Amino acid sequence: MGVLGANHPELEDVVQESALGLISALANFRYECKVRHFAGRIAVLTALKARRHLRSRSDAYAEPVREEVPLQEASPADAVHLARRRQILRSLFEELPEPQSEALVLHFVLEFTVDEIARATAAPVDTVRSRLRLAKKALRTRIEADPMLRDVLEVLP
């Protein structure tokens with residue numbers, strides 16, 4: 001849901017593909033992490049692949065309606081602040097070229113190594129490093145140029 005949005009027309013299909021991908025990948029599971037983490041990686045990769053496929057097939061789903069997962073144990077003010085930060089970060093990531101934003105998410109959110117990103121995206125390791133470097137530079141430049149972004153994202157000047 002985080003990648004496609006809760007109202008995406010093919011969400012159920014992607015969830016089923018993720019479950020099948022997990023079952024297929026269990027033979028390669030090396031017990032280096034929790035099964036939940038392993039399954040989460042497969043689900044996100046499947047959703048990213050579906051999103052790329054849908055974008056290339058049609059612009060009909062280019063801007064899916066996204067429904068936020070409710071925050072738990074947060075005050076209303078904190079919930080609003082976190083939702084605003086999440087929205088701003090998503091918009092910043094959407095400004096980046098898709099290979100760069102995908103590399104950033106895989107690396108910093110899902111904690112993939114550069115080698116794992118290279119295997120997952122079928123890109124050379126140096127290309128992944130370049131994508132990460134360019135994406136970080138673009139985000140840094142964009143955030144530093146906008147005082148509102150610095151304030152909301154709590155970035156020091």
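Derivation of every value follows stated rules applied to the coordinates shown; laboratory data play no part. Not measured: the values here are computed from a predicted model. Here the Cβ positions follow ideal geometry from the backbone for every residue, glycine too, while neighbour counts run over all protein chains shown.
Residues in the stretch 84-123 near a label at S24, defined as backbone nitrogen under 17 Å from the 7 Å Cα→Cβ point? Under cut-off, by backbone N: 119-122. Here the extension length gained between D126 and R142 equals 3.3 nm, from 0.36 nm per residue of separation less the Cα-Cα distance. Panel order for R129, R36, by other beta carbons found within 10 Å of each beta carbon, from fewest to most: R36, R129. The ranking of E17, E95 from fewest to most other beta carbons within 10 Å of each one's beta carbon is E95, E17.
Listing K34, K136 from fewest to most neighbouring C-beta atoms within 10 Å gives K34, K136.
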